[in-house]
Amino acid sequence: MIGLSTFIRLYEILQSYKYESKLFRMSVMSIRVDDERKKQLKAIASLQGKSMSSIVESLIDQYVEEFKTSRELDDDLKAIMKVSEPSFEEWDNDEDEIYDEM
């Protein structure tokens, strides 16, 4: 177990890198997947030397790009996201910033 002073120092170090690293600008998203699919994804990730997260992230990127290309709604998508932005402001809490680092 680490001491409080060590924890505080680690926290300060993480805060200093928060805006410099893509990792610290990412959010955590939970998804539900049936056990069989999870096992398959885990096996594929292992075979490819990747993490399950990196595979899911690339699939999401691909899906978003295909959507924007096929629908040509980039401006509409941005408008929708801008309209919904205030809905999530109440979730943005300084006390919860520690979870951004997980």
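The values are calculated or read from the model by the stated rules, or taken from the named source; none is laboratory data. All of these numbers come straight from a predicted model, not from anything done at the bench. Here Cβ is always computed from backbone atoms with ideal geometry, including for glycine, and neighbour counts include all displayed protein chains.
Per-structure values
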item: Number of positions in the range 16-46 that are in a helix (DSSP H, G or I), under 29 Å from residue 59 (Cα atoms) and modelled with pLDDT under 80; result: 5
item: Residue check, residue 52 within 20 Å of the chain's Cα centre (by Cα) and either of a type in the set (Ser, Thr, Tyr) or surrounded by fewer than 11 Cβ atoms within 10 Å (Cβ to Cβ) (or both); result: no
item: Selected residue (criterion: nearest to residue 37 (Cα to Cα)) from residues of the range 47-89 that are modelled with pLDDT of 70 or more and among the acidic types (Asp, Glu); result: 57
